[in-house]
Structure formats: structure tokens, C-alpha cells
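Novice: Please see the structure below; I have some questions.
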Amino acid sequence: MTQRFRMSAGGAIDRSRRLAFEFDGMPYQGHPGDTLASALLANGVRFVGRSFKYHRPRGIFAAGSEEPNALVQLARGARTEPNVRATTTELYDGLIAASQNRWPSLAFDVGAASGMLSRLLPAGFYYKTFMWPAMSTAWLKYERVIRAAAGMGRAPGEPDPDRYEHQYAHCDLLVVGGGAAGLAAARAAADSGLRIILCDEGARVGGTLVGDDVSIDGLLGSEWIDATVRILSANPDVVLLPRTTAFGSYDGNMLALIERVTDHLAAPPPYVPRQRLWKVRARRVVFATGAHERGIAYQDNDLPGTMLAGAARTYVQRYAVRPGSRAVVFTNNDSAYAAALALNAAGVALAAIVDARGQGEITGTLARRARDAGLPIVAHAVICCGHGRKRVSAVDIAPIAGGGRRRVDCDLVCVSGGWNPALHLFSQARGALRYDDTLTAFVPRSPLSHVVAAGAANGRFGLAEALADGHAAGLGATGPNLSAAAPPHAEMEVGAAPLALWSVPAPRRGGKRFVDLQDDVTAEDIALAAREGYTSVEHLKRYTTLGMGPDQGKTSNMLGLALLAQATDRSIVQVGTTTFRPPYTPVTLGAFPGDERGAHVEPTRYLAMHDWHAEQGASFVNAGLWKRPYSYPRVGETPEQAANREAKNVRANVGMVDVSTLGKIELQGRDVAELLNRVYINRWDTLPVGRCRYGVMLREDGIVLDDGTTSRLDANHYLMTTTTVNAVKVMQHLERLLQVDWPELEVYIASVTEQWTAAALAGPRARQVLQAVVDIDVSNEDFPFLAFGECQVRTAQGAIPARLFRMSYSGELAYEIHVPADLGRAMWEALIAAGEDFGLMPYGTEAMSTLRIEKGHVVVGAEADGRTTADDLGMGKLVSAAKWCIGKPLMNRPALTAVDRWQLVGLTALDGAVMPRAAKIVADLDRALPNPMLGHVTSWCWSPNLESWIALALLAGGRTRHGEILWAVSPLADAKVRVRVGPPCFIDPEGERLRG
Amino acid sequence: MLLIPCPWCGARAQIEFTYGGDATLQRPAVDATETDWVQYVFLRDNPAGAHQELWQHSAGCRQWLRVSRDTRTHEILESAPAVEASPGDAR
Ligand SMILES: [Zn+2]
């Protein structure tokens, strides 16, 4: 198909190559240098999508990232992407795109044809309809309709096949935007020794200068860009990043950039990321981010064929495309005259230039040129409505003061309601804005210490002043020393002030005057919201959805808040702006995790004995970042069956479990005992060398923080163990106390969790196994319960030094053996070999958990859940009366000592039932809902030793309820089980086994 | 993201640090009243402006720092060791 609207000459496109592409199933052609939008316009495609709420026909409105209408579904399959702006999508050979928000087809859409959506969705519809309590019924009624009608394209249904990369960078100067001001800034600062990064959204830097017929230093716009880029590229201190959008500005001058590495290629090469997320720390930032043109709200201003005047100019000059054949220009400022001149030069008939200003105010250079060219200027006039169905065919124009309307035929309307500096990033960087009455726009109030806006972003809309401003911003980064080049020179244009015109009254009652094309917000919606009291701009935004689409209201927000100001008789300054938030333009979600997905989301910690466990066929479980053996299934066993066998064997014979993940902290110094006294509830100054003690730590508020065993290795040398989950937290806690609170204590601490590997050997035959490999006497007399000693373990690799502890988590006779991590496997295999004759089996975390539940030992994170006190866990008597400790001053507050505190109990399931997981405990099943909750199950298991389902639970006044029969219910699992309450310890409450 | 100057490591990104709250709190005496302890543990000022706070360079030198941050702008005004000690005297 021919490109009927492509001009035969001009533009920054490569006519020597043709690129085939497809839109809504139709084949078209374009050229390198095109965007999808320019190529569609070249082929005469004006109607490209339907609007979000009302499904009205829409065309291409802008030429850059501010585009509200031309959002398409790009590509197919796993790489399909919704809401892609046709105006920034580089054309490539084989590109496939489809329109959105239409069913069954773009030309005939059921939602639009029925007019249903217009009646259904007035301003605030969601709020009014879905506010509780009416919400549930209303939602049921409307959900299907809304879900079918709403939505912006479709997410891919397959995993993302692409890779994304993260890149960190530092620079002295980051220039955001490579238009006239940005290039001038970078050029001025280059050669000063500063490291500079310049990023630009476009494939080609230069912004609106590309293809523009302006003269800078005697060069055409494109020539000057090329010359400047050559200078910058040759400089080793300058990094140029085209196709890169700065989308977020954060504290400490950190900016997030997204570089589109392969999006413009038909076939992405392997081993290249699709996109690269840059995190740049910049000493200084120049935001040369340009400005966005805005529209004017008149009736039916959304018809395809209506576009921003600056966009029309870009299509003509950069892409050599005529966006129509007969144009009407509607403006309140000078800039649209440049578009009119460009259209005229391109052979587009100018039916009228409708200027809201009076003849005497239209005095700028560009307007004079238009007048000299004989273009028909209609002063003091406005467009009051558009005509046409799927594209504009005419407009009515009328005097601004009111009066006779006149119809003018046209197929293109170019609108300019003024320009808004693109201050999104400047504002995110906490730059303050002020409203400039002359420019009718918000501009930076003042530069920040390390952040400035330059060029159009700084309200310098003319080329000459933008170049000068950019140059000055660049020099501002270098300091005063430089023999810098002269600022780039362009001819100064005389400008005339714009008129603040935001809307034109609708001739027809109910006529729609669009403010936000992307969210279908009209001037009427804003007036309605104001009448209903939504007079704060933040409320207006949320109530009407103004500016809440993917474009974040780049072409609409200013218009919306100006109309709100009018409706509420306030000034624009009083109304203010909404907060600018990242991202400036939508960013593919895949870019945020980058390579950190799947198994790379977080590190995996492997035990020193991991390979041994794997060789034995262990099934593994994630414990924090650790991979721990869950159990060691034998042939024909499930992991659960294996765990039951292992748990039984510990009580009958002997088992061994890898406990290397326990946090281990070495403490040395004169004052360790004093520190322990202060952080644990129990007493430590009485602990002799060669002994261990169990301890509980509280938070400052009296709630349990952690528990573990600490051993006195030598006079001033201790080893603390923490729970696996709290190893880092406890270390941090101690560091803070020692560095901040009690620097006078002489205590040195070091985390040695990964330096030592540890095995727990438990069961009635543990001593026999251990004695076979160690060189010290481990009899009950020489090595009693809670003894510590150093020894040698005889292994196949020779004797290795070990730390030996007699402590028990299972309730059986048990030892912990710690050896240097890389000797762990030798120690482990020596014990396994020695245990062969005694029925030794390795056991995993599941059997370990079963054993500790049977014994009634608590776990921090299950029983101690951040709300439990030591007394709740039955450990109130551990609190030493002889000393102070952290948490003690607040642990006796009334709420923490009430009689109905949830206290630790044991539960036994009756009637042969299975204990439901995470069940709540109630007294009576037949109570009206909500049935009062007496407590909940914290840990539960099948006990192979008791042959019953048992649980630990926190129960209101639990210690006084032993013997009661209650119900453990789980509505989620539809389970109701009778349980008998008892003490938490099910096995050997006297502790004879572990002392034996 | 904040850039926090560590007296030992230089300016480092916020992700390397752990926040530790108000640095001006004085731990009450062990025999202080419950009211004093409630004040110390739970009650905080929320100043608009300079805020003295503790940060630990947890993914770095592990030292606790006393940092002054403007809560309105997030500007770091000052950073120093948590207690008067010279660099190198780290525990
Ligand atoms: Zn540090």
C-alpha cells in the first residue's frame, strides 16, 4: 500500500529502505526513522483506538511520550505488550500492532454503539456505586459489564522471554533530555574534566530540533545536532544514552533511567538485554526535559484528526508526513503559527488560523510570517465544536465574545492551548514550582542546590533563549574556570503573550468537552466534581480519574486544574498541582527485578554438609535463605513418613540433625557476663566456665525477642546461640547496645554462624555413639547436662578439634558438636559410622519440629509471635529478681499480666481426628458468629511417639484450663476437632531422659 | 535513595544501612518509673526539620552512626560515630 500522505522530500527518514508493518491485520509500509504513529499517518490511518470509558473513536494526538490516545497492543505471543504509545514506538520491519478497547472491531464497537458507557460512567461513578455497604450488590450487578468494557489492552499470558539488566553509574553531571537546551548544557560542560551522562528518550537525540527548519550557528537543526553529538561522542568523559528515559528522581540525586536496548529491533540478538535499568548518582542534574503542549476543551475535541499543533509540525518536519489535507489551527499563543507555516509549506491547505487573542495581541514574529504568507487568521475567535463521526470533517468557529457560528470544513484540527514545562522529574526532586501568569504555566520557583531545569522546562520556550539557558546550566556545573565555547546562537524571535483560555462553552447541552483524553474526563465532570465538593486538586484527581492513566495527564492536568480554579472561583496558584510521582512514563515490570528473578531473587545458603544430605536423598525445605534437610526418605517412603520414622528413632535409639543454621555469636571481654545479665531475663554472672545455660531475651517493651543457649568457654569468652531466623537481628541488637547504649562495657562480639558447623546427636544411645569418636569422657558424671567442653573428634581425615555441648532440644539425652565449617562433613561421617551399630539415623527439620512439640519447647516466630511475654510461654519464673534486664521495666504492665493472657498449652486431638493447621480455638461450636476466639494453634504435628495429633497453642487463661475439652476449628479447611487442653510438655515432664 | 556519609566508609547508598530511630533518647536509669520507660520506648517527637537519628552501616562496617537528617527534604546534614570514638576504634 502506498504512503499517500508521505511528502516526497524532507524529514529525518530514510526513504531508501521500506519497512513492512501490520496494524489491525492490515499491511502497511514505512521507513527507518518513522514511529508507528508517523507511519500510520503516512498511510492515512487516523482512527487508531477507542477511548477508555466511552469507547469513542480516537486518533493520534501528540508526537511524543505525552500521547493520550494512540495506545496500541504491540506484538503477539510472549512478547505482546499493551498500552504502548504509537508515538514513541520506533518502526521496525515486521512490526505488528493492534488497536485497543474495542469489541468486536475498531470500526464497530458494541460499547460505543449502545451509548451505554456514557450513561454508566459519570464522574465519581466508582465512588458513588461501590462505597460500602451498597458496594457488594452494586459490584455484583456491574462487575461483568465493567470488566468487559474497561481495561487497556491485554497482558501477555506467557512468561517473559526477555532479559533485563541493572546498571549503576556515577557522574558529575546528568543531563536529562537531548534537545536544544540539553545539548547546549552538555557541550558547555564537556572538556572540563567532568564525567557527564546525557540521556534522551528518542532514538536520535535532538528533541524537536530533528528535522526543524531552524538555524543554529549557521547550521540547520539536524546538522547542529550531528555536529554537537560528534563533539560529545569524541569526549571520553561523556556518555550519550539515546532511547533512554529518566523516569524517576529520588533522594540524594539518584535518578532511575530505562534504556530500551532492543525494543526497536525486529529480532533481538541473543545475549543482549531487552532493557537496561540505570541507577545514576549525579553530583548535579540538568533537567532539559522540554515542554508539553496542552489542548483546549471544546465540544467534540476528541475526534480523530484533532492533534496538538506542535505534533502536526513534528509530523511534517521530522517525518515528512502530512497529517491531513485541509487544516484549521486553533490557538491562544504564538507557537501554533510555526505549525501553520510548516503545514502550509508542506502543501496542507490552511482553512483558518483561529486565534483567541485580539488582532492587536497577535504581534509575534511567527504570526507576522503567517500573515505575510497570506494565511487566513481569524482573531478573537474560538472553535466551539467539531463535527464528524470517525474523523473530524468540520468545525464551528465563533467570536470569543459569542455570536454567530460559522462552519469550516477540514480534516485536521491543530490545537494549542499553551505549553507546560515538563517538570515531573524536577518536582520529584523536590523542586518547588510557581505559576507564571504570562506563560500561563507552572515553572521552577528557583533552582535547587544541585538540580536545575533548563530550556523549555525552565519556561524558556524560544530556541535562542533555550540554547542560552542550557549553556548557562552546563557552565553552572563546571564552576567559573573555563575557557568554554560561546553559547550556541539562534535568531531571537519576538513573542507575544498567550491568552489564558482553557475551555469554550459547548453549543449543545450534554456535548462532551474533553480535558483528559486518556481517562475520558470532560470539563463537565470537573464542574460536577467541584459542585459535589471535591475542590482539592488531589480529591478531584481521584474522584474524576483526571490524569490517572498511563500518561499521568501530561496533556490534561493543567487544563483540569485551571477549570477547577474557575469552577471554584480561585486562582490557579490557590488550586496548586497534584504531586508528581515516578514513573514519568510507564516502565516494563521486568526491568525492576532485572536478573533477580526465579532462583536469583535472593541468595541461597547451603550447609557445609549439604552434599552429604543430598547424597542421602534428603528432601529439602527453605528455612529463611537456608536449604535444610526436611527428612531423609527411604525407597517407598513419603517425606512425612520418613520424618515420623526419624522422630520415633530418636526416642528409641539415636538420631542426628544438622543444626548449623543456628546463629552463633562469640563474645569476649571483661564485661560479657554483665552484658548477658542485661539482655537475658535470667542470671549469667553465676555461670561457671564449662557450663551452658538457656536464656530468653526481651524487647524493650517486655515482649519475647529471642531465645537460645549461651556457653561459657573461658573466663572472658562466651558463645551465644540464637534462633536461625533471628541470628541477624540479635547480632544487630547487641551491636547497638554495645556501640550506642553501653560503650563503657568491654565486650567484643563477632558473628560466627558460618564459621562453625554443628550437629545435634539425640537419643538414649547418643552417649555410646559419641564416646566412640571423642577423646574425652562423656559419662553423666564427667559431662553432665548443660556441660561444655573442648575435645577432639576422630575422623577418617584425622582428629579434628570440636566444641561439645550437652544440651537437648528433643528432650532426649543429647549433645551438640561444633567443628570448623570445612571439617563438618568429616565430623558428620565419623558419627554416622560410629552410630551404625546403635541404630543412628539422620533426621531433618520435620522430625526435629515433632520432637520439640512433643517436648513443649517454643519456637520464636510460632509460639513467640511478637506479642507473647515470657510468662505467656510459662517462663515467667526464669526472670531473675536479682537484677535488671531489657524489657523488665515494662513487662509487668497490666495488659501483659492479665489473667486472660493467651498462655502456652498443649492440645491433644480427640476422636482420632487430624489437628487442623492454624486453627482457632473456641469453646462452643453453636455460638452465633463471630464465635469468640479463645486462642489459636501455633504448632501442630502427628506424634509418632504418642500416636496422636497434638499441638501447641496460645489459649486465653490457658494454664487454668488444663483438662478442658474445647474445639479447634478451621473454617478455611472446614475442620472442627475436639481437643483436650493440657500442659505443653507431652513427654518426660520431669526431664529424666535428658539428664540420664 | 539517600546517600549517607559513613565516617569510616565514605558516602554510601541507603540500602547498605539499617534505620535505628531517634538518636536523642536517653536510656532511663534501671530504677526509673514505668512512665519514664513508656516515654523512652513508645513516645517520639516528629520534628519538621533536623532530626537526629541512628543508622547502622549494616552492609558495610557494621558501625552505628548518629545522622542528622532534615525530615522535610531528606538532606543529610551531618553524620558521626554513635559515640565519641575515633575511626579505627571500632568494636
Ligand atoms: Zn561504614
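Novice: Identify all residues within region A:27-67 that are of a type in the set (S, T, N, Q) and either under 33 Å from the mean Cα position of the chain (by Cα) or not assigned by TED's automatic domain parsing to the domain that holds A:ASN83 (or both); write none if there are none.
Specialist: A:THR35, A:SER38, A:SER51, A:SER65
Novice: Which residues, counting only those in region A:932-959, are in contact (Cβ under 8 Å) with a residue 12 or more places away in the chain and not hydrophobic (A, V, I, L, M, F, W, C)?
Specialist: If the condition is that a residue be in contact (Cβ under 8 Å) with a residue 12 or more places away in the chain and not hydrophobic (A, V, I, L, M, F, W, C), then A:GLY935, A:HIS936, A:THR938, A:SER939, A:SER943, A:PRO944, A:ASN945, A:SER948, A:GLY957, A:GLY958, A:ARG959 are the ones that fit.
Novice: Still on this structure, please answer the following. Hey, can you tell me all the residues within region A:316-341 that are under 17 Å from A:LEU41 (Cα atoms) and out of contact with any Phe, Trp or Tyr (no Cβ under 9 Å at 6 or more places or on another chain)?
Specialist: Those that are under 17 Å from A:LEU41 (Cα atoms) and out of contact with any Phe, Trp or Tyr (no Cβ under 9 Å at 6 or more places or on another chain): A:VAL316, A:GLN317, A:ARG318, A:TYR319, A:ALA320, A:ARG326, A:ALA327, A:ALA339.
Novice: From the list A:VAL728, A:VAL774, which one is more than 14 Å from every other protein chain (Cβ to nearest Cβ) and among the hydrophobic types (A, V, I, L, M, F, W, C)?
Specialist: Result of the check over A:VAL728, A:VAL774: A:VAL774.
Novice: Can you say whether B:PRO87 is at pLDDT 95 or above, within 16 Å of the ligand (Cβ to nearest atom) and of a type outside the set (Val, Ile, Thr), as far as the supplied structure shows?
Specialist: no
Novice: Same structure, new question: Checking the conditions here, which among A:ARG276, A:ARG281, A:ARG260 is in contact with an Asp or Glu (Cβ under 7 Å, 6 or more places away or on another chain), in the same structural domain as A:GLU465 (by TED's automatic domain parsing) and surrounded by fewer than 24 Cβ atoms within 10 Å (Cβ to Cβ)?
Specialist: Of A:ARG276, A:ARG281, A:ARG260, the one residue that is in contact with an Asp or Glu (Cβ under 7 Å, 6 or more places away or on another chain), in the same structural domain as A:GLU465 (by TED's automatic domain parsing) and surrounded by fewer than 24 Cβ atoms within 10 Å (Cβ to Cβ) is A:ARG276.
Novice: Determine if region A:35-43 includes at least one residue that is in contact with a Phe, Trp or Tyr (Cβ under 7 Å, 6 or more places away or on another chain), of a type in the set (Val, Ile, Thr) and at pLDDT 95 or above.
Specialist: no
Yes/no matrix, rows are residues, columns are (1) within 14 Å of the ligand (Cβ to nearest atom); (2) facing chain A (nearest Cβ under 10 Å):
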position	(1), (2)
B:PRO7	yes, no
B:ASP31	no, yes
B:GLN39	no, no
B:ASP45	no, no
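Novice: Which ones in region B:47-75 are assigned to a loop (DSSP other than H, G, I, E, B) and within 8 Å of another protein chain (Cβ to nearest Cβ)?
Specialist: Those that are assigned to a loop (DSSP other than H, G, I, E, B) and within 8 Å of another protein chain (Cβ to nearest Cβ): B:SER58, B:ARG62, B:GLN63, B:THR73, B:HIS74.
Novice: Specify which of the listed residues (A:GLY811, A:GLY824) is on the phi > 0 side of the Ramachandran plot, in contact with a strand residue (DSSP E or B) (Cβ under 9 Å, 6 or more places away or on another chain) and either modelled with pLDDT under 95 or buried (at least 23 other Cβ atoms within 10 Å of the Cβ) (or both).
Specialist: Result of the check over A:GLY811, A:GLY824: A:GLY811.
Novice: Tell me, please, whether a residue that is away from the ligand (no atom under 15 Å from the Cβ) and closer than 27 Å to A:PRO889 by Cα can be found in region B:56-77.
Specialist: no
Novice: Scan region B:13-24 and report the pairs whose first residue is within 11 Å of chain A (Cβ to nearest Cβ) and whose second residue is within 14 Å of the ligand (Cβ to nearest atom) and β-branched (Val, Ile, Thr), with Cβ atoms within less than 9 Å and a gap of 6+ or a chain change.
Specialist: Pairs found: B:ALA13/B:ILE4; B:GLN14/B:ILE4; B:ALA23/B:VAL67.
Novice: When you scan region B:14-22, do you find a residue that is in a helix (DSSP H, G or I), more than 30 Å from A:TRP884 (Cβ to Cβ) and within 12 Å of the ligand (Cβ to nearest atom), even just one?
Specialist: Yes, region B:14-22 contains at least one residue that is in a helix (DSSP H, G or I), more than 30 Å from A:TRP884 (Cβ to Cβ) and within 12 Å of the ligand (Cβ to nearest atom).
Novice: Assuming A:SER249 fulfils every condition listed in (1) of a type in the set (Ser, Thr, Tyr); (2) within 14 Å of chain B (Cβ to nearest Cβ); (3) closer than 29 Å to A:GLY10 by Cβ apart from one, which condition is it?
Specialist: Here A:SER249 clears every test but (3).
Novice: Here is a follow-up. Cβ contacts < 6 Å: first residue over 19 Å from A:ARG803 (Cβ atoms), restricted to region A:677-699; second residue hydroxyl-bearing (Ser, Thr, Tyr), any location; separation 6+ or different chain. Result?
Specialist: Every condition considered, the pairs that remain are A:ASN682/A:SER880; A:ARG683/A:SER880; A:MET697/A:TYR680.
Novice: While we're looking at this one, here's another question. Need at least 3 residues that are buried (at least 20 other Cβ atoms within 10 Å of the Cβ) per element, so show me which strands (runs of 3 or more DSSP E) inside region A:385-460 make the cut, counting only ones lying wholly within it.
Specialist: A:394-399, A:412-416, A:419-421, A:441-444, A:451-453
The values are calculated or read from the model by the stated rules, or taken from the named source; none is laboratory data. Quick caveat: nothing in here was measured; it's all calculated off a predicted structure. Heads up, the Cβs are rebuilt from the backbone with ideal geometry, glycines too, and the neighbour counts pull from every protein chain shown.
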